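To start, the structure itself, in structure tokens.
Taken together, the values in this text are just the output of simple stated rules run on the coordinates, not laboratory data. Keep in mind the model is a prediction, meaning the values are calculated, not measured.
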Amino acid sequence: MINKFVMGMASLRLVSGTLEILAALLMLRLNQVDRALLVNSGLAFVGPLVLLATTTIGLVGLADKLSFSKMLYIFAGVGLIFFGILKK
């Protein structure tokens, strides 16, 4: 039987991948650089949210197996990823 946390993480990634494919098809359909850039900007917003959501689901699934200090390290790592992405 599949773990419910793994199922949630995989489902989010499948939805995210489907959105990526649909966005690529929309870019081809629009066939204009400015509009394709708008579609791409929307994807840039979705990607980090999916990362955060899947990480959160995974951490909730591991909450009983991880010490508090290890969980802090993981949150710090995810925070640094977002800092690196958002830094100008």
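Could you work out the helix-only [θ] at 222 nm for the chain, with each DSSP H run of four or more residues adding -39,500 (n - 2.57) and the total divided by the number of residues, to the nearest 500 deg cm²/dmol?
Numbers: 3 runs with 76 residues, N = 88.
-30500 deg cm²/dmol, from helical runs alone.
Compared with the dominant Cα axis of the chain, that is its longest principal axis, helix 33-62 is turned about 10°. Compared with the dominant Cα axis of the chain, that is its longest principal axis, helix 4-30 is turned about 10°. Working from Cα pairs under 8 Å separated by at least six residues, relative contact order for the chain is 35 percent.
Taking Cα atoms only, the orientation of helix 68-86 departs from the longest principal axis of the chain by about 20 degrees. Classify the stretch 40-88 as rounded, prolate or oblate from the Cα gyration tensor: take a ≥ b ≥ c as the square roots of its eigenvalues, call it rounded if a/c is under 1.5, otherwise prolate when a/b beats b/c and oblate if not. Oblate, since a/c reaches 1.5 and b/c is not below a/b. Distances between every pair of Cα atoms in the stretch 4-86, grouped in 10 Å steps from 0 to the bin holding the largest one, split as 16, 36, 29, 14, 5, 0 percent.
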